[in-house]
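Inspection log for the structure reproduced underneath, given as structure tokens.
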Amino acid sequence: MSKINLHPDRYFDPQPEVRRIARELYDHVRGLPLVCPHGHVEPRLLAEDVPFPDPASLLLIPDHYIFRMLYSRGISLESLGIPTVDGTAVEQDSRKIWRIFCAHYYLFAATPTGCWLEHVLAAVLDIDEKPSARNADTLYDAILEKLARPAFRPRALYEQFNIEVLSTTDAASDSLEYHRALSDSSFKGRVIPTFRPDGVTDIAARAWPEEMDRLRAASGLAIHSYREFIAALEKRRAFFREMGATATDHGVNTPFTHRLSGQEAETIFQKALKGQVDANDARLFTAHMLMEMARMSVDDGLVMQIHPGAWRNHNRFIHERFGADKGADIPVHTEFTGNLRPLLEAYGNDPNFRLIVFTLDESTYARELAPLAGHYPAMRLGPPWWFHDSIHGMIRYRERVTETAGFYNTVGFNDDTRAFLSIPARHDLNRRVDANFLAGLVSRHILDMEQAREIARALAYDLARDGYKL
Amino acid sequence: MSKINLHPDRYFDPQPEVRRIARELYDHVRGLPLVCPHGHVEPRLLAEDVPFPDPASLLLIPDHYIFRMLYSRGISLESLGIPTVDGTAVEQDSRKIWRIFCAHYYLFAATPTGCWLEHVLAAVLDIDEKPSARNADTLYDAILEKLARPAFRPRALYEQFNIEVLSTTDAASDSLEYHRALSDSSFKGRVIPTFRPDGVTDIAARAWPEEMDRLRAASGLAIHSYREFIAALEKRRAFFREMGATATDHGVNTPFTHRLSGQEAETIFQKALKGQVDANDARLFTAHMLMEMARMSVDDGLVMQIHPGAWRNHNRFIHERFGADKGADIPVHTEFTGNLRPLLEAYGNDPNFRLIVFTLDESTYARELAPLAGHYPAMRLGPPWWFHDSIHGMIRYRERVTETAGFYNTVGFNDDTRAFLSIPARHDLNRRVDANFLAGLVSRHILDMEQAREIARALAYDLARDGYKL
Amino acid sequence: MSKINLHPDRYFDPQPEVRRIARELYDHVRGLPLVCPHGHVEPRLLAEDVPFPDPASLLLIPDHYIFRMLYSRGISLESLGIPTVDGTAVEQDSRKIWRIFCAHYYLFAATPTGCWLEHVLAAVLDIDEKPSARNADTLYDAILEKLARPAFRPRALYEQFNIEVLSTTDAASDSLEYHRALSDSSFKGRVIPTFRPDGVTDIAARAWPEEMDRLRAASGLAIHSYREFIAALEKRRAFFREMGATATDHGVNTPFTHRLSGQEAETIFQKALKGQVDANDARLFTAHMLMEMARMSVDDGLVMQIHPGAWRNHNRFIHERFGADKGADIPVHTEFTGNLRPLLEAYGNDPNFRLIVFTLDESTYARELAPLAGHYPAMRLGPPWWFHDSIHGMIRYRERVTETAGFYNTVGFNDDTRAFLSIPARHDLNRRVDANFLAGLVSRHILDMEQAREIARALAYDLARDGYKL
């Protein structure tokens, strides 16, 4: 039975001098509140505040980081209880699912998912053994027992986690009813929405007509024209701002930006309403909508985030059987210098504009993104994203970005998670890795301790607040 | 006179704690047999088992890693005894060639070729001095004397090297006569072929007509049609399997995959028979043949390897004068996410299929290959290849691949060599670098020693056996 | 008040054994003269040898590395005294500009600009405090006082810096009057021109007609035809060689090379004279001119440098208001294997040709550039350039290049600067980082100390002299 070892010096360089400095810097920031400006926790979770049902439903079934790894080793998603699109029966026995996970826990060795899981198990759920085939049932029962306690309900955990603000991600037509319920409740936390209109700006998506109907309902506009479409979006942005939003988010295939004339936009929009757009129409329209979102951000002050470069639903079999977000999104080569130019030319020098750019293509960190963020006043760099939100991913990011863009053109950390229990694990890992990076600079006499302490705090707290206008 | 120093801690991190752990992990795997599932040793070498003739013919003339470096510094290939295509005379004096090499030995400082050479010289040939202009003749004589001894004949070395299995790489039409001779002999080793049909699937190659004639002769089929072509390939695969093959290999410009209809394939094939294919025909046909090879692998269970992204024979002068494989192949930017999709869509979820993918474009490790291997059950990642089969190349690979794909979606090590004497050197270097990588994780409390020992053994032995179905 | 700490072990690995070796290797090379084969110091500076006016004019206004970082944080270029194209007034008070810089000095933490600035302040200007809002005026006065002393005039500093040779970068039509003045003067230094004909080879540039007029005046040729254009360039190269030049330099969007027929070249050239070229004409002509420059280098022995991959003047607002070289050049993805092939096919095996290639796309180091330089006798690799001329940039370069190309297919260091006072800082940083890289290899028993000392000297001195034929 292997013990989980949340060693106080974990993730730090083994060289004693670096480790000593890293520990000091980490101690300086470990107690700071968690600022969570980008993520995918459901607001309903906190609004309803009901106990989590069982270990598998809590930790495995919603987390595509975990089940994609199991799937890659030949374990069917059915056996892991992932619901099918057509309702075909899948495994319902949470304990059986948990056993499969435990028997394959060794697959997560040295992955960020593995690091987060150990933190969740040991620091949140008080489990001190690594999952294995042998202890699966014992762990299952122990967790189940915990989840029934009041201290393990979502709001209690929110408090215990020391979260200062939690941004959710919401469709343009979202009623934000759970956000409203939360602000109307006795809950003291700050949970704010983020405006993510991909559903209605991606005119080639199969679900676009229904998404448009939802937008019509939410905006109270009929939306027969491109102009009305823009008006509806502006109205929804105003509503999101009222509800506390400080940012928008845009997931696109490429960061291509391009200004259409009003007439061109109208023509494509009309084709979309008739279900007649082709790939190039959609590409141009998305590029144009990024320009429009930037224009609106200049007006209303919402920070604009762009998340480009994922080939969504790469595995058609999985997509058709289980739907989207099932661990089958694969990054592609991404180009920013040319693609972002029209947007930066129009708004990049505007003091009212704030653009945060993410990438899944690390080759762009030093080549394109750091030089862009190190020049344009409007642009900042988002933290390492998704596959790169990991120990080595964070190190590569700091090493490639800092020398050109400095620390202050970045925006701190995003936990970016649906896994509510992993939020402290993710911030902790990031704070450790950043402390260790700074310790390396101090030990090589590139920074002094006074600078390092200030920067550690900025990376863990200040830059997220400032970058997202929180 | 500089001494060769095969230091027991070579390639390990100098930090004492990391080094101590690395040494322990390395000691755990150093004695494991060598599994060699991909390489270019000639089976004839072991079948005939005659003594190696002299140092230059053994170590230099067959090794394009060595003579390309000398050529890059202005040393002509003629002076190094590389045979010309048209038979123009080149240097025949092995001792003179050896002297040039020794005088330029300093060029290999900090290259993997340099590391391997030192191991070959010191551990295999008992030479304890680094080659230089001054000691060239002494070393030459010392090696020559060794090569005459029975212990330095190929089969004796195979035993001494502790090789468990050695895969060769063979054309589709190969008679496999040396493999047969070996299995008919008293030799205890396991030497198995790999089916590499590039010569007949690359319909644009100048040598295609002759390659097809060889395939006709080997298959006993006339091959007037695409259907007969496929039948011939299937027949040859069956023969390779009978002879022990567990894998196929495919060297392509890009990993583009695409399914042609039977009619389309036939049309292009007929054009090829008439010598009328253009570049696009060839591109589509190669893409289609990858699909066909995957389909056959699902049927016959042979593991499919794809090695894409080398611009072969980049230097026309060298190609025309000296032929292929003369150190003038240069990598190109490679795209996998889109290119492999048709193949993965068709076969990537099939439990009977196993695909091992290699790359010369390291920017794809974290961006495309680890996410693909970390999702599709059929796909695994080949080890760092060719230019990246080096200390820093291996470190980059583990750092970029592990956090997304884990260790168990990779397939251990390939020595991938024609240089028979360097096989133990290459495995040893790899085992050391992997042990050191794991030691870094242990020292940062990311893995415990129990995990690290198990993973070290997997990387050095189990994953190669499992990945290649050996 | 924070002190500047030019620690004797700065930039070295903190592990004591590595640090000890790094220090020993650095001590071996720290006193070697500075070879400066590529840079942008104005020869007029040394020819006129007048005192530097004030801290802002000396350190900030000419250095786009510094003001682009300030601009990225919302500080206007007007407030930093950057002159406008149309002469609109900008800040003239050098002290006010200096105060802004000091108040934002923290932005340069862990950037190479920050490292160089500390060295300039502490080692050249005897300032021992880090700039801040509080000490801005004190530092300003202290520097001003220094600049008035004879020891701080350009020629005195040139001597003090121990510069052996300084190459400038000069237009094809440059009179080289300051170079002549220097060689006619009592000045003992060696200041030589570099032939950079981009102004006349980029036929699509707006300023091309005026550049051509300057070339006509300088060459004494009317240049009505492509043939005369070539003759004018050959004449200017001969003049540059007489004036001491050993190299040419070519800044291009991409390294695309392509041979036009004489007739094709003439046709495009005639269109250019009429102002009728399109983007494709310009692209082909530039590609052809690279071929021509290589041909001329074979004849006259000038070393050819190619600097590709910067999207110049990406920010139109900045370009129109402040002109070129204002920190708004952004790198793009670059391809070498295919693009350089025509040039390497024609001249890459020629012993009279020497080509030095640079990149802003680090993904090409291991993938394309090291394999090319590790094969073609004519090709060498330039040092890490621009955004990558930094501690981590240099480490990435050595780690990605060395194992394939070795050390001897690289050409040492370029300071590449307009900031004359930073020359020793840049060489010192590079010598430290290379010493530390070699120390890492020694500590892992990949090199012995004898090799490491020889290579350290080669990297710091010999390879630059040899690579640039100095």
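For the reader, a short list of remarks on this structure follows.
- Of all residues in region C:393-410, those that are facing another protein chain (nearest Cβ under 9 Å) have Cβ atoms under 6 Å from Cβ atoms of residues that are β-branched (Val, Ile, Thr) and assigned to a helix (DSSP H, G or I), 6 or more apart or on another chain, in C:PHE407/C:ILE455.
- Tally, over region B:309-338, of residues that are more than 9 Å from every other protein chain (Cβ to nearest Cβ) and over 23 Å from the mean Cα position of the chain (by Cα): 2
Table: residues versus (1) within 25 Å of A:TRP385 (Cα to Cα); (2) within 18 Å of the chain's Cα centre (by Cα); (3) outside the structural domain of A:ARG99 (by TED's automatic domain parsing).
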residue	(1), (2), (3)
A:ALA22	yes, no, yes
A:LEU25	yes, no, yes
A:ARG30	yes, no, yes
A:VAL35	yes, yes, yes
A:VAL41	yes, yes, yes
A:TYR65	yes, yes, no
A:MET69	yes, no, no
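- Filter result (surrounded by fewer than 21 Cβ atoms within 10 Å (Cβ to Cβ) and under 17 Å from C:PRO131 (Cβ atoms)) within region C:65-79: C:ARG73, C:ILE75, C:SER79
- Only one entry in B:LEU221, B:LEU215, B:LEU233, B:LEU260 is in contact with a His (Cβ under 6 Å, 6 or more places away or on another chain) and farther than 24 Å from B:GLU320 by Cα, namely B:LEU260.
- Any hit, region C:61-69, residues being of a type outside the set (Phe, Trp, Tyr) and facing another protein chain (nearest Cβ under 9 Å): yes
- If the condition is being part of a loop (DSSP other than H, G, I, E, B) and farther than 20 Å from B:SER57 by Cβ, then region B:119-131 contributes B:ASP128, B:LYS130.
- Matching residues in region A:217-233 - criterion: being surrounded by 15 or more Cβ atoms within 10 Å (Cβ to Cβ) and either outside the structural domain of A:ALA324 (by TED's automatic domain parsing) or more than 22 Å from A:GLN263 (Cα to Cα) (or both): A:ALA218, A:SER219
- Some residue of region B:83-97 being buried (at least 17 other Cβ atoms within 10 Å of the Cβ), in contact (Cβ under 8 Å) with a residue 60 or more places away in the chain and either within 14 Å of another protein chain (Cβ to nearest Cβ) or touching a Phe, Trp or Tyr at 6+ places or on another chain (Cβ under 9 Å) (or both): no
- None of A:ARG380, A:ARG400, A:ARG453 is assigned to a strand (DSSP E or B) and on the phi < 0 side of the Ramachandran plot except A:ARG380.
- One residue stands out among those in region A:439-455 that are touching a residue at least 12 places away in the same chain (Cβ under 8 Å) and at the interface with another protein chain (Cβ under 7 Å from one of its Cβ atoms): the one that is nearest to A:ARG23 (Cα to Cα), which is A:SER443.
- Residue check, B:TYR11 of a type in the set (Ser, Thr, Tyr), farther than 30 Å from C:ASN409 by Cα and buried (at least 19 other Cβ atoms within 10 Å of the Cβ): no
- Flag for B:LEU369 being touching a residue at least 12 places away in the same chain (Cβ under 8 Å), part of a helix (DSSP H, G or I), surrounded by fewer than 24 Cβ atoms within 10 Å (Cβ to Cβ) and more than 9 Å from every other protein chain (Cβ to nearest Cβ): no
- B:ASP415 satisfies every condition listed in (1) within 10 Å of another protein chain (Cβ to nearest Cβ); (2) under 30 Å from B:PHE108 (Cβ atoms) except (1).
- Within region C:411-470, restricting attention to residues that are in contact with a strand residue (DSSP E or B) (Cβ under 8 Å, 6 or more places away or on another chain) and of a type in the set (A, V, I, L, M), the residue that is surrounded by the most Cβ atoms within 10 Å (Cβ to Cβ) is C:LEU459.
- Within region B:353-366, the set of residues being assigned to a loop (DSSP other than H, G, I, E, B), among the aromatic types (Phe, Trp, Tyr) and within 14 Å of chain C (Cβ to nearest Cβ) comprises just one member, B:PHE358.
- Every residue from region B:403-421 that is outside any helix (DSSP H, G or I) and aliphatic (A, V, I, L, M): B:VAL411, B:ALA419
The values are calculated or read from the model by the stated rules, or taken from the named source; none is laboratory data. These numbers were taken from a predicted model, which means no experiment stands behind them. Positions of Cβ are generated from backbone atoms using ideal geometry, with glycine treated the same way; all protein chains shown enter the neighbour counts.
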